[in-house]
């Protein structure tokens with residue numbers, strides 16, 4: 001990144017140092033005093049060039065001293081970069097209007113709420129007396145001046161990292177970047193290079209491209225590289241300071257050296273909302289603070305609670321609900337009228353026993369907080385998982401006044417976790433355990449067999465001449481045969497045994513605690529019987545033979561590798577001795 005780019009990125013950060021929020025500070029005290037201006041007829045490339053030259057993230061459009069619009073870095077990604085003449089359009093065609101303003105006496109604590117309420121990142125600050133423009137204040141100022149050091153120190157990058165940021169190849173045209181930013185509501189895209197390096201293109205870069213002339217170049221030629229990164233375990237306070245020190249607004253998050261997403265000032269701001277409920281407890285305890293400051297702080301807390309996407313429930317010291325927010329109603333189905341005056345027991349699903357709630361209350365009384373997962377019930381009767389955090393709010397003498405709880409519905413998270421787990425441990429075609437899950441179950445079975453002096457057996461099953469099926473009837477037909485084979489093998493084993501797809505047309509049977517050698521022979525005979533029935537395929541019946549080999553713990557080996565190797569070798573010996581070719585006719589399959 002060039003020094004010019006760094007200077008451009010640093011402008012909203014002032015001197016690059018994170019400042020603490022002063023009691024009673026207003027947006028007028030923090031706002032940037034110089035407003036970059038232009039008239040409605042100014043060509044877009046000229047406006048962008050002024051922004052780049054003056055290191056500003058927005059330009060305000062005036063017509064005869066009247067504000068009529070604003071053009072920001074976010075607006076830059078709305079341009080069609082495949083239309084070169086777009087840079088010559090007058091700015092009136094692409095500006096945002098009307099301009100959102102804030103009175104200069106607006107408390108700085110209100111700024112985060114205003115950002116969320118209006119969905120914008122730039123406000124023009126006007127004089128509270130005559131409404132004349134005084135300066136510009138941005139979302140970045142919320143993070144730099146918000147004064148929540150204890151929150152940012154306790155939270156890590158991993159808690160707010162944006163993992164769904166678009167990633168494009170270096171060969172993709174520049175015009176693709178703004179399209180992906182708009183679709184994903186992102187202010188940046190990552191650029192992956194063939195050499196393993198990663199770069200970034202941001203909204204601010206789009207302004208630079210407009211200023212220098214629209215050229216639909218490959219992203220690899222214009223991206224800033226390499227991407228500056230921090231570990232996902234780094235604190236948000238340190239990350240914010242690093243962004244300020246380096247004049248950046250984005251940083252990559254890594255886990256074991258792999259980039260898992262990015263963090264910007266927007267993500268840090270959203271992270272503040274999650275923890276602000278605890279700030280409510282601090283405000284209630286600090287009775288020595290001036291009444292005016294208390295009212296402002298409580299106003300911020302009220303707005304955050306009301307606008308939070310998490311359900312919030314506040315009870316008295318006896319656990320009787322006194323207040324809920326709109327998200328509570330959306331998530332549970334209970335209106336404030338139905339919830340206030342009752343206890344949280346109205347949400348109980350019955351899945352957690354008395355011991356669970358005893359432990360919860362013990363944690364609240366001893367430590368003042370509790371958080372964890374539990375199952376609750378909506379008004380409709382639906383049971384769903386949620387993540388709940390409860391904080392005890394005390395007075396100056398340590399007496400509990402209230403309990404404040406906030407929760408999220410984590411049903412979708414649970415579904416994703418289950419899907420990922422299934423993809424990791426099960427074969428997508430047959431639904432059988434894959435090799436990874438077989439290894440896990442075999443390790444557990446060996447440990448139990450060793451501890452209790454029992455046996456276990458491994459059986460390799462290989463389909464003979466399976467390539468003939470794929471070559472003759474196609475891979476779709478081969479997949480259909482594999483699904484049928486899997487179903488029949490499941491019918492051959494006992495409850496508690498495992499059938500796994502090892503690789504291709506090879507299957508493994510893990511038989512636990514076979515009491516006699518005859519029991520293994522009976523399992524092999526069941527496989528023989530089930531495989532002897534011809535397989536229906538495209539209106540015909542196909543005879544199929546298999547080769548099998550087995551090994552027994554501890555007779556043939558004491559480790560998983562030894563048992564698998566011996567069973568595999570026995571199977572291949574059986575395959576070598578087989579002499580019956582595959583035929584498309586009715587007949588018995590062979591187990592050799």
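The values are calculated or read from the model by the stated rules, or taken from the named source; none is laboratory data. Here the structure is a predicted model, which means the values were calculated and not measured. All Cβ positions, glycine included, derive from the backbone under ideal geometry; neighbour counts span all protein chains shown.
Filtering 509, 489 for residues that are under 11 Å from residue 457 (Cα atoms) and either out of contact with any strand residue (DSSP E or B) (no Cβ under 9 Å at 6 or more places or on another chain) or buried (at least 17 other Cβ atoms within 10 Å of the Cβ) (or both) leaves a single hit, 509.
Yes/no matrix, rows are residues, columns are (1) farther than 16 Å from residue 406 by Cβ; (2) modelled with pLDDT of 90 or more:
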residue: 334; (1), (2): no, yes
residue: 340; (1), (2): yes, yes
residue: 351; (1), (2): yes, no
residue: 371; (1), (2): no, yes
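Go through (1) within 24 Å of residue 527 (Cα to Cα); (2) surrounded by 16 or more Cβ atoms within 10 Å (Cβ to Cβ); (3) modelled with pLDDT of 90 or more; (4) in contact with a helix residue (DSSP H, G or I) (Cβ under 8 Å, 6 or more places away or on another chain) and name the single condition residue 390 misses. (1) is the only condition that residue 390 fails. Restricting the stretch 534-554 to residues that are outside any strand (DSSP E or B) and in contact (Cβ under 8 Å) with a residue 40 or more places away in the chain, the residue that is farthest from residue 514 (Cα to Cα) is 538.
Look at the stretch 225-237: where a residue is under 19 Å from residue 152 (Cβ atoms) and a partner is assigned to a loop (DSSP other than H, G, I, E, B), sitting 6+ places away or on another chain with Cβ atoms under 7 Å, you get 228/248; 232/161; 235/155; 236/155; 236/160. All of 500, 487 fail the test of being under 26 Å from residue 431 (Cβ atoms), modelled with pLDDT of 90 or more and out of contact with any helix residue (DSSP H, G or I) (no Cβ under 6 Å at 6 or more places or on another chain), apart from 487. Among residues of the stretch 460-484 that are surrounded by fewer than 18 Cβ atoms within 10 Å (Cβ to Cβ), those with a Cβ under 6 angstrom from a residue that is in a helix (DSSP H, G or I), sequence gap 6+ or separate chain, pair up as 470/478. The residue of the stretch 27-57 that is modelled with the highest pLDDT, among those that are out of contact with any helix residue (DSSP H, G or I) (no Cβ under 7 Å at 6 or more places or on another chain) and in a strand (DSSP E or B), is 37. Residue 164 - would you say it is in the same structural domain as residue 235 (by TED's automatic domain parsing), at pLDDT 90 or above, exposed (fewer than 14 other Cβ atoms within 10 Å of the Cβ) and touching a helix residue (DSSP H, G or I) at 6+ places or on another chain (Cβ under 8 Å)? Yes.
The condition (being at pLDDT 90 or above and out of contact with any strand residue (DSSP E or B) (no Cβ under 7 Å at 6 or more places or on another chain)) is satisfied by just one residue among 135, 194, 199, 119: 194. Mind listing just one residue for me: the one in the stretch 67-88 that is assigned to a helix (DSSP H, G or I) and within 29 Å of the chain's Cα centre (by Cα) and, of those, surrounded by the most Cβ atoms within 10 Å (Cβ to Cβ)? Filtering the stretch 67-88 for residues that are assigned to a helix (DSSP H, G or I) and within 29 Å of the chain's Cα centre (by Cα), the one surrounded by the most Cβ atoms within 10 Å (Cβ to Cβ) comes out as 76.
Okay, residues lined up against (1) over 21 Å from residue 51 (Cβ atoms); (2) assigned to a loop (DSSP other than H, G, I, E, B):
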| position | (1), (2) |
| --- | --- |
| 165 | yes, yes |
| 178 | no, no |
| 181 | no, no |
| 186 | no, yes |
| 194 | yes, yes |
| 201 | no, no |
| 204 | no, no |
| 208 | no, no |
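When restricted to residues that are part of a helix (DSSP H, G or I) and more than 32 Å from the chain's Cα centre (by Cα), the stretch 89-129 contains 3. Would it be correct to say that residue 436 is part of a helix (DSSP H, G or I) and within 30 Å of residue 314 (Cα to Cα)? Here the answer is no, as residue 436 does not meet what is asked.
Condition test on residue 456, is it more than 30 Å from residue 478 (Cβ to Cβ), modelled with pLDDT of 90 or more and in contact with a strand residue (DSSP E or B) (Cβ under 6 Å, 6 or more places away or on another chain)? Considered against the rule, which asks whether it is more than 30 Å from residue 478 (Cβ to Cβ), modelled with pLDDT of 90 or more and in contact with a strand residue (DSSP E or B) (Cβ under 6 Å, 6 or more places away or on another chain), residue 456 comes out as yes.
Residues that are touching a residue at least 40 places away in the same chain (Cβ under 8 Å), surrounded by 15 or more Cβ atoms within 10 Å (Cβ to Cβ), in the same structural domain as residue 318 (by TED's automatic domain parsing) and within 23 Å of residue 335 (Cβ to Cβ): does the stretch 360-380 have at least one? Scanning the stretch 360-380, I find at least one residue that is touching a residue at least 40 places away in the same chain (Cβ under 8 Å), surrounded by 15 or more Cβ atoms within 10 Å (Cβ to Cβ), in the same structural domain as residue 318 (by TED's automatic domain parsing) and within 23 Å of residue 335 (Cβ to Cβ), so the answer is yes.
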